[in-house]
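Since the structure comes first, as structure tokens, the remarks are kept for the end.
The values are calculated or read from the model by the stated rules, or taken from the named source; none is laboratory data. Because the structure is predicted, anything quoted here is derived from the model rather than measured. Virtual Cβ from ideal backbone geometry, glycine too; neighbours counted across all protein chains shown.
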Amino acid sequence: MIEQYWEFWIGGFAIAAVALLITLFTGHFIGVTRGYVSICSIISKRPYFHRPEMGGPWGIRTLFVIGIVIGGLLAALTTEGTWTPSFSYGQFDQLFGNSLVTKGLVMTAGGVCWGYGARLAGGCTSGNSIAGLSKGSLASLIATMGFMVAGISVTFLINALLGGL
């Protein structure tokens, strides 16, 4: 676990810069869900993954998702203190225990919920909250408000279950 983090504004500036640059140079808006679909199109032959609006394999969205992983790794490696890869997830471990099987099942269930929610909301949090709001989409504003309410509620619930801050 990383004990010291980068300043929040660095991440905000980076997200804004990437969103603007991608839109400026490609005409596309960022969205992680379609990036995952693009990655799936490399592996799967299912027609859903090969629809033209999904961007196809090795498009800008695939590179965007790969960049998220590389960016996370660079942030971890350049943050002060020591970082070692592990399956330790802080409060998640306090709530669900240290079993890799349990962690895998909970994260898989979370991934299914995330995927279903992204389909239901017409995009993921990055697509709605960054790209959708910048386009002035009312649906994205409503979805973003839902994301925020759910995120804040779950944070308070987990803190209550773990005995507070």
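Okay, here's what the table says:
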| item | result |
| --- | --- |
| So G31, is it loosely packed, with under 13 Cβ neighbours inside 10 Å and of a type outside the set (A, V, I, L, M) | no |
| Residue selected from segment 18-50 under the condition assigned to a helix (DSSP H, G or I) and polar (S, T, N, Q), by the criterion nearest to the chain's Cα centre (by Cα) | T33 |
| Contacts under 7 angstrom Cβ, first residue in segment 34-46 being free of Cβ contacts under 8 Å to residues at least 24 places away in the same chain and outside the structural domain of C124 (by TED's automatic domain parsing), partner part of a loop (DSSP other than H, G, I, E, B) and of a type outside the set (F, W, Y), 6 or more apart | S41/G56; S41/P57; I42/P57 |
| Qualifying residue in segment 43-66 (condition: touching a Phe, Trp or Tyr at 6+ places or on another chain (Cβ under 9 Å), among the aromatic types (F, W, Y) and surrounded by 11 or more Cβ atoms within 10 Å (Cβ to Cβ)) | no |
| Residue in segment 116-136 that is more than 30 Å from G27 (Cβ to Cβ) and modelled with pLDDT of 85 or more present | no |
| Filter pass, W6 being over 22 Å from R119 (Cβ atoms) and in contact (Cβ under 8 Å) with a residue 24 or more places away in the chain | yes |
| So G59, is it modelled with pLDDT of 80 or more and of a type outside the set (A, V, I, L, M) | no |
